[in-house]
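Participant: Pasting a structure below so you can have a look.
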Amino acid sequence: MDAILKSLEKSGGRKILPKSKRPSQAEAEDAVRTLLKWMGEDIEREGLLDTPARVAKAYGELFAGYDEDPQDVLGRTFEEVGGYDDMVLVKDISFHSHCEHHMVPIIGKAHVAYLPDGKVLGLSKIARTVEIFARRLQTQENMTAQIAHAIDEVLQPRGVAVMIEAEHMCMAMRGIRKQGSTTTTTCFTGEFRNQPNEQVNFMTLLRFRKD
Ligand SMILES: [Zn+2]
């Protein structure tokens, strides 16, 4: 158990509070009641009676990524490539995350590629890695880098490329209310970082879209 906590604590370069140090479910529900009252709600009205429990449960799902370690998902066993050494690209991985500044949704797509060095990942593992980092409070920049570095560390390919395109609801719903604008971030490691032609290949493959 200690080993699990230890690796989780540094998962994605961030400290994660061990479960034993977290508030109880009842305390989380009380915190929701406090926010409702602060907003001006009557927490005794029927429609809101179960809301604190529902919100705590929803948060448990939306932020389940704190209790999962991408290193476990990516695993330590890989498939042999059988001579394949060209780019592997998984594109249009949909995700929902929440910005760490406002705890408001970030909705987007991740595109992840790597250049194998003798071994490849099961394709579903890449989508699961995106999911784990999405289910934490995020900045888009950090999430992009965390996905790239997690794959880089575990698989040790010749290079990893990650592009994320996302809409930030904190921009669409509050503040400057810019609707429909997307933010693009990229992170390149290894040959994707050092060899511009590999970046061009990645961008070119991304452009072959059906939409
Ligand atoms: Zn925000």
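The values are calculated or read from the model by the stated rules, or taken from the named source; none is laboratory data. Everything quoted here is computed from the prediction, not taken from an experiment. A quick note on method: Cβ atoms are made from the backbone with ideal geometry, for glycine too, and the neighbour counts reach across all protein chains shown.
Participant: Looking at GLU141, GLU167, which is the one that is within 16 Å of the ligand (Cβ to nearest atom), of a type in the set (D, E, K, R), in a strand (DSSP E or B) and surrounded by fewer than 20 Cβ atoms within 10 Å (Cβ to Cβ)? Explain how you work it out, then say what you get.
Facilitator: Values: GLU141 fails: in a strand (DSSP E or B).
Answer to the selection: GLU167.
Participant: Take the conditions within 12 Å of the chain's Cα centre (by Cα), more than 23 Å from MET173 (Cα to Cα) and away from the ligand (no atom under 16 Å from the Cβ) and apply them to ARG135. Does it pass?
Facilitator: Details: within 12 Å of the chain's Cα centre (by Cα): yes; more than 23 Å from MET173 (Cα to Cα): no; away from the ligand (no atom under 16 Å from the Cβ): yes.
Judged against the criteria, ARG135 is not a match.
Participant: Here's something else I'd like to know. So if I check each of TYR114, TYR66, which one is assigned to a helix (DSSP H, G or I) and aromatic (Phe, Trp, Tyr)? It would help to see each step written out before you state the result.
Facilitator: Values: TYR114 fails: assigned to a helix (DSSP H, G or I).
Every option except TYR66 fails the conditions.
Participant: Also, quick follow-up: For the condition among the basic types (Lys, Arg), surrounded by fewer than 19 Cβ atoms within 10 Å (Cβ to Cβ), within 17 Å of THR185 (Cα to Cα) and more than 16 Å from the ligand (Cβ to nearest atom), what is the one hit in LYS109, LYS119? First the steps, then the outcome.
Facilitator: On the way: LYS119 fails: within 17 Å of THR185 (Cα to Cα).
Just one listed residue meets the conditions, LYS109.
Participant: Further question: Name the single residue that is farthest from THR129 (Cα to Cα) among those in segment 41-71 being in contact with a helix residue (DSSP H, G or I) (Cβ under 8 Å, 6 or more places away or on another chain) and of a type in the set (Asp, Glu).
Facilitator: ASP42
Participant: A further question follows. What pairs come out if I take residues in segment 53-81 that are over 15 Å from PRO18 (Cα atoms) and pair them with residues that are of a type in the set (Asp, Glu) whose C-beta lies under 6 Å away, six or more apart or interchain?
Facilitator: Within 6 Å, the pairs are ALA53/GLU29; ALA56/GLU29.
Participant: Same structure again: With the requirement that a residue be assigned to a helix (DSSP H, G or I) and either without any contact (Cβ under 8 Å) to a residue 60 or more places away in the chain or not assigned by TED's automatic domain parsing to the domain that holds ALA110 (or both), what does segment 170-189 give you? Steps first, answer last, please.
Facilitator: From segment 170-189, those assigned to a helix (DSSP H, G or I) are 170-173; that's our starting set.
Scanning segment 170-189 gives MET171, ALA172.
Participant: Which one is nearest to the chain's Cα centre (by Cα), of the residues in segment 69-106 that are more than 16 Å from the ligand (Cβ to nearest atom), under 24 Å from LYS15 (Cβ atoms) and acidic (Asp, Glu)?
Facilitator: In this case the residue turns out to be ASP69.
Let's see how each residue does on (1) touching a Gly at 6+ places or on another chain (Cβ under 9 Å); (2) farther than 17 Å from THR189 by Cα; (3) modelled with pLDDT under 95; (4) hydrophobic (A, V, I, L, M, F, W, C):
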site	(1), (2), (3), (4)
ASP72	no, yes, yes, no
LEU115	yes, no, no, yes
ALA127	no, yes, no, yes
ALA145	yes, no, no, yes
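Participant: Another one. Which residue pairs have Cβ atoms closer than 6 Å, lie 6 or more positions apart in sequence or on different chains, and pair a first residue in segment 25-48 that is without any contact (Cβ under 8 Å) to a residue 24 or more places away in the chain with a second residue that is in a loop (DSSP other than H, G, I, E, B) and hydroxyl-bearing (Ser, Thr, Tyr)?
Facilitator: Close Cβ pairs (under 6 Å, with a partner that is in a loop (DSSP other than H, G, I, E, B) and hydroxyl-bearing (Ser, Thr, Tyr)) do not exist here.
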